[in-house]
């Protein structure tokens, strides 16, 4: 096999101008879903809150992953409001607390069991569990993430919600033994035809729990591998944060010191 190298900044920008970024977006979007729950809003109605989950397969089992602070917020709502704060993973009604494999506040990751059949029921379109072969990015190399910001969600009716996906192909500025972070470089922003560009300061809250993938290529092949779990975003400075995915073990447990 030809030696692999992670994408440079210039190579990542070039890929966004062609169909490759759209192909990656489609592949990643088929392995994610919104993590939804509802809370009373004090006026007799309710509000919806959400994070993002992704699915992976390993050792003959399938798992669901989100940020631990998303799971914590759901548990707090469930404690306060009971079954009113029921959870849905896309279209699938679940009690995630009954499926918990592992969670860590320091890592900000929570993992759960979910079946292949259940993953298919989370959306009307086909959904899959991605392969589990994590590879954190190198500093200064290309990464991609896709998730469900709350601002892109529309309540169509009491039973119907439309979710918009936010995607970004950007650069990992810092990579430590636990965390990945980077910022949106507006000077190198590439607009895609037919896709509105988020304005500066756009709040992508709700993307926590989404997969951050490492963009990898060889002389004849470009592809991606799971790199991290999105955990936060500084709206003012447009800085994203993620925990390295290689801190998740193949059995769904975590390397939590």
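Quick note: the coordinates plus some simple rules give every number you see, no bench work behind them. Values in this document were obtained by computation on a predicted structure and should not be read as measured data. Glycine gets a Cβ as well: all are built from the backbone with ideal geometry, and neighbour counts include every protein chain shown.
With equal scatterers on the alpha carbons only and no solvent term, can you work out the Debye log10 of I(q)/I(0) for segment 39-110 at 0.19 1/Å? So the normalised log intensities work out to -0.83. Taken over segment 17-66, the percentage of Cα pairs per 10 Å bin, counting from 0 up to the bin with the maximum distance, is 20, 31, 27, 17, 5. Modelled spin labels at residue 138 and residue 124, positioned 7 Å past Cα toward Cβ, are 4.4 nm from each other. Extending 7 Å from the Cα toward the beta-carbon at both residue 58 and residue 236 defines two label points whose distance is 3.6 nm. Taking the alpha carbon gyration tensor of segment 40-163, multiplying each eigenvalue by 5 and rooting it gives semi-axes of 26, 17, 17 Å, largest first.
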